[in-house]
Amino acid sequence: MAITPLPQPTPAGAVGVACRELDAVTGSLWSARGTGELVAGVQELQRLKAKTAALEAELLAELDVRDTAKRELGWGSTADWFTHLAGTTRRLGRRAVAHARILLTERAATLEALREGAVSAEQASVLVEAVERLPLAEHVRRRGEAVLLEEAGRLNATDLHRAGRHLASVVDPDRDEREAEKALDREDRAAHLGRLLTVTEDGCGGVRVRGRGSVEDGAVLRAALLPLTKPVPDVNPATCAEQPDPRNHGARMWDALVQLAQHALDTDLPPASHGARPRVAVTIDAQTLGGEGNGVGVGVTDDGLEVPGSAIRRLACDCDLIRVLLDAVGCVLDVGRTQRLVTPGIWTALVARDHHCAFPGCTRPPVMCHAHHIRHWTHGGPTSLDNLVLLCGHHHRTIHNTPWQVRLAHDRRPEFLPPTKTGRPPPQWIRHRSRIE
């Protein structure tokens, strides 16, 4: 007589049976039940939760090995699919899948304890992470796993986490120091990559400086600035008595920064640019500079910062002056002389005319620009103001490598012709209105 084997139960079927059993008692009048019955119910639920967590880990690990979520279900990963299915957070979803793989492949003793309900899902998770912090030697990790499983019988997940960290410090006493050093390295790299410094107008006649950088950068800045922040006594002219420096620390730091920058300019420490010593370059009309009339007016720096005439006159007490003659609408008429090379005078005149990259829509400052020959030097084009236009590196390459064209209009301002597109009307010459006009 042939014996037909019973069908092997499926995970879904087994869990379905448990769900139906739970449905049978859900909604009971618990106030009519005995205390012992309620306590026993909670205890068995913990064992059931542990067993279902073990089953979940086994199923997730196998699905992850098969890459089912990506190949058959259309998800990016097993973690993405499980996060959506379980309605949990991405962090917990990724952790569940990662721990499932570890339990199935490396932490068999912990998985068996979970199956038996000897540890909770939270304890198993803590134990897996604690063992992962131990040295890579497998015998060390197995011994650590055994110690923590023994402790799990009397510790909750929080205390087990502390025990795991203590175990790691005992087995590998230098680990915490290495991790702290790595954390500092990561933070330093992040700070370096995120470094910035901006100097912007505050709309109230001043500027606002904002920046950040690495600790190393800060150490260099402090080393350079702090010696210059020493309080300077203020002498009362009436009594010739010294009075305390009225500046607070912030004001002294600012003055030190400006003093350091001025020292660098005075001693030629910054790299030269376009053959000229770096200076605060300001374009201003002669009447305002001389203080004629009411002396009211503003000048404009290379990068578009408006500076009041009174401040420019203070700067002009000790500066290099390059004469640039402009007409009534700001067009450059004369720079004194024209030479074959882009001399400091020609460069200053070019900046005074174009202000920044002249390409339509671009406002990169002169420090990022080149003097482009409209008619190339090799084709007989002179190095003169009437044959130059200020272009940033990107748009300089655009003019050289694409059909874009550039010329000076009748008012000696640059204008550009876009490439002709098939089937469209011929393009018109366009110019970029300066942000300083």
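The values are calculated or read from the model by the stated rules, or taken from the named source; none is laboratory data. Bear in mind that the values here come from a model prediction, so they are computed numbers and not experimental data. Cβ placement follows ideal geometry from the backbone for every residue including glycine, while neighbour counts extend to all protein chains displayed. Only protein heavy atoms, including side chains, enter the accessible area calculation; ligands, DNA and RNA are left aside. Shrake-Rupley method; radii C 1.70, N 1.55, O 1.52, S 1.80 Å.
If you build the convex hull over the alpha carbons only and average its shadow over all orientations, what do you get for segment 1-117? Give it in nm² to one decimal. Spell out each step's value before the answer.
Numbers: hull surface 46.9 nm².
Quarter of the Cα hull surface area: 11.7 nm².
Please give the solvent-accessible surface of F82 in Å², to the nearest 10, using a probe radius of 1.4 Å with every protein chain present.
Here the residue's solvent-accessible area equals roughly 20 Å².
K49 accessible area, nearest 10 Å², 1.4 Å probe?
The accessible area of K49 comes to roughly 120 Å².
Can you give the FRET efficiency to the nearest 0.05 for S31 and A191, using r as the Cβ-Cβ distance and R₀ = 60 Å?
Computed FRET efficiency for S31 and A191 comes out at 0.50.
Using a 1.4 angstrom probe, figure out how much accessible area segment 24-99 has per residue, in square angstrom, rounded to the nearest whole.
Roughly 69 Å² per residue, with all protein chains present.
For segment 88-152, calculate the relative contact order in percent as a whole number, restricting contacts to Cα pairs under 8 Å that are 6 or more residues apart.
29
Which order, highest average first, do 100-112, 69-81, 401-413 follow once you tally other Cβ atoms within 10 Å for each residue and take the mean per peptide?
So the order, starting with the most tightly packed, is 100-112, 69-81, 401-413.
With every protein chain in place, what's the accessible area of H84 (1.4 Å probe, Å², nearest 10)?
My reading of the accessible area for H84 is about 120 Å².
When the solvent-accessible surface of protein heavy atoms is calculated with a 1.4 angstrom probe, in what order do L134, L85, L48 fall, highest first?
Values: L134 10, L85 115, L48 60 Å².
The residues order as L85, L48, L134, largest area first.
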